[in-house]
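Have a look at the structure below before the remarks.
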Amino acid sequence: MESSKVCILGMHRSGTSCLAGCLEERGLFLGDVVNASPHNKKGNKENKELRRLNDDVLESSGGTWDRPPEFISWNDEHRQRRDDIINTLKNNRHWGFKDPRVVLTLPFWLEALPDMKFVGTFRHPSAVIASLTKRPGLAPSVAPLKLWTLYNRSLLEAVKHYEFPLICFDRPQDEYLYSIEQASAYLGLPEGINVSGGFFEENIRTQSIFKESDLELGSEEQAIYRELLDKSC
């Protein structure tokens, strides 16, 4: 019986929580995750221990989530904590995890899970920046547009290498949900699950879909966003 180990990739405020929730209701086991918070009524779907581990790996590499290090490094303690997290999930047929920091720590997770599958999500920079700066305590320490570029350049490199479904969080509801179904089929999640009245709601996107005039993009940002769109399902 085929099983799936799934890593959800995408920058902060780019639809990773929504994607994780939609896949969870279609049969992906996420384990002990945050299902509600003051800033997200449906939760961010993150495992707190996994998030702390990613933060520690970034710190040991001389960076943070908003100051990405050039290279990442890890030690045996990090490996043990990673393996402990995996052990809480792996007895399920379809399991996975979500933390935007994994875009930065991906080699660390690939060391333990070289055959895992991926699904990614992205969002226009103007919507991401508006969402980042709106949340108390979440404003990044580097220029938000630069941070968007760093994360999404890495996401683009990953999708080129591993060829996985990429979902645009800017899409209208019907197109977005169609992309979710395509990703679910790719991941081998169970068919026929009733998800009427499910996780996705239009108001889950706290920032409206961007207007082209919202943010003046440089040539690199324009190229990255266009290529992400071209590769999206």
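The values are calculated or read from the model by the stated rules, or taken from the named source; none is laboratory data. Computed from a prediction, not measured in an experiment: that's the story for all the values here. Note: ideal-geometry Cβ built from the backbone for every residue, glycine included; neighbour counts use all protein chains shown.
Only residues in the stretch 143-160 that are among the polar types (S, T, N, Q) count as the first member; pair them with residues that are modelled with pLDDT of 95 or more and not in a helix (DSSP H, G or I), Cβ under 7 angstrom, at least 6 apart or cross-chain, and list the lot.
152/11; 152/122
Let's see how each residue does on (1) surrounded by fewer than 19 Cβ atoms within 10 Å (Cβ to Cβ); (2) modelled with pLDDT of 95 or more; (3) in contact with a Leu (Cβ under 9 Å, 6 or more places away or on another chain):
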| site | (1), (2), (3) |
| --- | --- |
| 2 | yes, no, no |
| 13 | no, no, yes |
| 36 | yes, no, no |
| 39 | yes, no, yes |
| 51 | no, yes, no |
| 71 | yes, yes, no |
| 80 | yes, yes, no |
| 96 | no, yes, yes |
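So that you can scan it fast, the table gives a plain yes or no per residue for (1) among the small types (Gly, Ala, Ser); (2) without any contact (Cβ under 8 Å) to a residue 12 or more places away in the chain; (3) out of contact with any strand residue (DSSP E or B) (no Cβ under 9 Å at 6 or more places or on another chain); (4) outside any strand (DSSP E or B):
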residue: 35; (1), (2), (3), (4): no, yes, yes, yes
residue: 46; (1), (2), (3), (4): no, no, no, yes
residue: 57; (1), (2), (3), (4): no, no, yes, yes
residue: 73; (1), (2), (3), (4): yes, no, yes, yes
residue: 77; (1), (2), (3), (4): no, yes, yes, yes
residue: 96; (1), (2), (3), (4): yes, no, no, no
residue: 103; (1), (2), (3), (4): no, no, no, yes
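Please go through the stretch 216-233 and give me each residue that is closer than 14 Å to residue 169 by Cβ and of a type in the set (Gly, Ala, Ser), ordered by number.
Selection gives 232 alone.
Right, residue 89: touching a strand residue (DSSP E or B) at 6+ places or on another chain (Cβ under 9 Å) and aliphatic (A, V, I, L, M) or not?
Yes, satisfied.
If residue 134 satisfies every condition in (1) under 17 Å from residue 44 (Cα atoms); (2) without any contact (Cβ under 8 Å) to a residue 60 or more places away in the chain; (3) not acidic (Asp, Glu) but one, which is the exception?
If we test residue 134 against (1) under 17 Å from residue 44 (Cα atoms); (2) without any contact (Cβ under 8 Å) to a residue 60 or more places away in the chain; (3) not acidic (Asp, Glu), just (2) comes out false.
Quick check on my filter: what residues within the stretch 132-150 are touching a His at 6+ places or on another chain (Cβ under 8 Å), assigned to a helix (DSSP H, G or I) and either modelled with pLDDT of 95 or more or not hydrophobic (A, V, I, L, M, F, W, C) (or both)?
Across the stretch 132-150, there are no qualifying residues.
One residue is enough: does the stretch 151-164 have a residue meeting the conditions surrounded by 13 or more Cβ atoms within 10 Å (Cβ to Cβ) and in a loop (DSSP other than H, G, I, E, B)?
Scanning the stretch 151-164 turns up at least one residue that is surrounded by 13 or more Cβ atoms within 10 Å (Cβ to Cβ) and in a loop (DSSP other than H, G, I, E, B).
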